[in-house]
Amino acid sequence: MAAIRDVYDVLDAFAPFSTQMDFDNAGFLVGRGEREVAKILLSLDITLPVVEEAKRLGAGLVVSHHPVLFHPAKTVCSGDPTGEILLALIENGIGAICAHTNLDVAVGGVNDALAQALGLQNIQILLPDGTDAQGRPYGLGRVGELQHPVSLPAFAEQVKAALNAGGVRCVDGGRPVSKVAVGGGACGGCLQDAWRQGCDVLVTSDVKYDVFLEAKARGISLIDAGHYPTENVVLPKLKEVLEAAFPELEILTSAVHKEVFFTL
């Protein structure tokens, strides 16, 4: 058994919550810190089916990437999607810790996991933001290199397979892919930074139409591989971190939470 506050401390040491972006709401969001748990469930999001899964498995804590509480809640009532989730957590005594943008920027976090999943080498931070209290650099996005240059269509197929994405949207910048920038989640705003650093392609998600047009005009390839696929790759790393810190606990990954939409 371990107290929820102890789990929070381990996650805080790995991906300090102090490095989260100003708009974010990462941290220990639901529960009692002194409550002890024997099982932890990992999920990209905390949905009602995920809470029901945690209850069924006997997990007293859910650790997710996306915050279960992002915008200020004026009510916590049945009939409201967020209210239903919060009530289910509270009524079943299940805690929630959410590591969001702090996990995006951390060394070993979302973006490193994404870069590694795509086979990149010589990985560096795309947008360095500083160092944490332990002196470790952190920042958004990553830049790395492929072992051998490939065409954009071939690389897009590799991305789709590596991330188990239902599909990818692409703009071909007109040159072979060798230097790659990645930004898990919605990082279309990093396009110019990737272009300035001489990257051949940016892999991210939630790309708006005007960003595709800009990529084409600048001659940099762009791949939108989906929000869930570009971030869900971090769950095995979280599992590894928690298993190392708490070998007596059972660390489970959600089997019910999947990509929310499908592509025809």
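The values are calculated or read from the model by the stated rules, or taken from the named source; none is laboratory data. Every value quoted in this text rests on a predicted model; they were computed, and no experiment measured them. Glycine gets a Cβ as well: all are built from the backbone with ideal geometry, and neighbour counts include every protein chain shown.
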Are there any helices (runs of 4 or more DSSP H) wholly within region 187-264 with 2 or more residues that are closer than 18 Å to F155 by Cα and touching a residue at least 60 places away in the same chain (Cβ under 8 Å), and if so which?
-> 227-232
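If a residue has to be closer than 21 Å to L48 by Cβ and touching a residue at least 24 places away in the same chain (Cβ under 8 Å) to count, how many in region 82-121 make the cut?
So the first thing to find is which residues in region 82-121 are closer than 21 Å to L48 by Cβ, and the list is 82-100.
Checking the rest, the ones that are also touching a residue at least 24 places away in the same chain (Cβ under 8 Å) come to 84-86, 88-90, 92-100.
Adding up the residues that qualify gives 15.
Applying the selection to region 101-116, what residues are assigned to a loop (DSSP other than H, G, I, E, B), of a type outside the set (A, V, I, L, M) and either buried (at least 23 other Cβ atoms within 10 Å of the Cβ) or in contact with a Ser or Thr (Cβ under 8 Å, 6 or more places away or on another chain) (or both)? Full working, then the answer.
Step one: filter region 101-116 for residues assigned to a loop (DSSP other than H, G, I, E, B), giving 106-109.
Of the ones still in play, those that are also of a type outside the set (A, V, I, L, M) are 108-109.
The answer is G109, and nothing else.
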Across region 172-182, what is the number of residues that are buried (at least 20 other Cβ atoms within 10 Å of the Cβ) and assigned to a strand (DSSP E or B)?
-> 4
(1) within 16 Å of V233 (Cβ to Cβ); (2) assigned to a loop (DSSP other than H, G, I, E, B); (3) touching a Gly at 6+ places or on another chain (Cβ under 8 Å) all hold for G141 apart from (2)
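For region 232-253, indicate whether the set of residues that are touching a Pro at 6+ places or on another chain (Cβ under 9 Å) and surrounded by fewer than 18 Cβ atoms within 10 Å (Cβ to Cβ) is non-empty. Write out each step before concluding.
Step one: list which residues in region 232-253 are touching a Pro at 6+ places or on another chain (Cβ under 9 Å), which gives 253.
With the extra rule that they be surrounded by fewer than 18 Cβ atoms within 10 Å (Cβ to Cβ), the set shrinks to 253.
Among the residues of region 232-253, at least one is touching a Pro at 6+ places or on another chain (Cβ under 9 Å) and surrounded by fewer than 18 Cβ atoms within 10 Å (Cβ to Cβ), which makes the answer yes.
Quick grid of which residues meet (1) under 24 Å from D45 (Cα atoms); (2) of a type in the set (K, R); (3) assigned by TED's automatic domain parsing to the domain that holds R169:
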site: G185; (1), (2), (3): yes, no, yes
site: G189; (1), (2), (3): yes, no, yes
site: L202; (1), (2), (3): no, no, yes
site: V211; (1), (2), (3): no, no, yes
site: A217; (1), (2), (3): no, no, yes
site: F246; (1), (2), (3): yes, no, no
site: L249; (1), (2), (3): yes, no, no
Working only within region 54-84, note down all residues that are under 19 Å from I40 (Cβ atoms) and either crowded, with 21+ Cβ neighbours inside 10 Å or polar (S, T, N, Q) (or both).
-> A54, A59, G60, L61, V62, V63, S64, H65, P67, V68
Note on region 216-234: residues acidic (D, E) and over 17 Å from C98 (Cβ atoms) are D224
Identify the residue in region 147-171 that is surrounded by 18 or more Cβ atoms within 10 Å (Cβ to Cβ) and over 22 Å from the mean Cα position of the chain (by Cα) and, among all such residues, is farthest from L114 (Cα to Cα).
-> V171
From the list L127, L152, L120, L163, which one is more than 30 Å from D12 (Cβ to Cβ) and not assigned by TED's automatic domain parsing to the domain that holds H65?
-> L152
Read through the list (1) buried (at least 16 other Cβ atoms within 10 Å of the Cβ); (2) under 21 Å from C187 (Cβ atoms), then give the number of the only condition that I4 fails.
-> (2)
